[in-house]
1. I'm trying to understand the selection: among the residues of the stretch 29-56, which are assigned to a loop (DSSP other than H, G, I, E, B) and open to solvent by less than 20 Å² (accessible area, probe 1.4 Å)?
2. Which ones in the stretch 27-70 are touching a residue at least 40 places away in the same chain (Cβ under 8 Å) and touching a Ser or Thr at 6+ places or on another chain (Cβ under 9 Å)?
3. Just for the stretch 7-28: of the residues that are within 10 Å of the chain's Cα centre (by Cα) and charged (D, E, K, R), which one is least open to solvent (accessible area, probe 1.4 Å)?
Amino acid sequence: MDKDRRYMLGSKIRALREQQHLSQRRFALMAGTSQSYLWEIETGRASVGLDVLCSMADALGVPVKDLIDF
């Protein structure tokens, strides 16, 4: 995934997380990942595997397609 798409994905995840008033720490626990990895995803610095993407979508209560619709 190129840098622009990683940034768009991270921004979408952050926006949805903030809409639900979830801290990074709380959301990372819900998604089964670390807070530092979540920060890297939200800033577009890390690629995301399908398993993590699905876990994040589940934690946010949205379909995976909503995270990658950009």
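The values are calculated or read from the model by the stated rules, or taken from the named source; none is laboratory data. These numbers were taken from a predicted model, which means no experiment stands behind them. When we count neighbours, we look across all protein chains shown, and the Cβ atoms used for this are built from the backbone with ideal geometry, even at glycine. Accessible surface is based on the protein model in full, side chains and every heavy atom, while ligands, DNA and RNA are left aside. Shrake-Rupley method; radii C 1.70, N 1.55, O 1.52, S 1.80 Å.
1. GLY44, ALA46 - these are the residues of the stretch 29-56 that are assigned to a loop (DSSP other than H, G, I, E, B) and open to solvent by less than 20 Å² (accessible area, probe 1.4 Å).
2. Passing the criteria: GLY44, MET56, PHE70.
3. Ranking the candidates gives ARG17 first.
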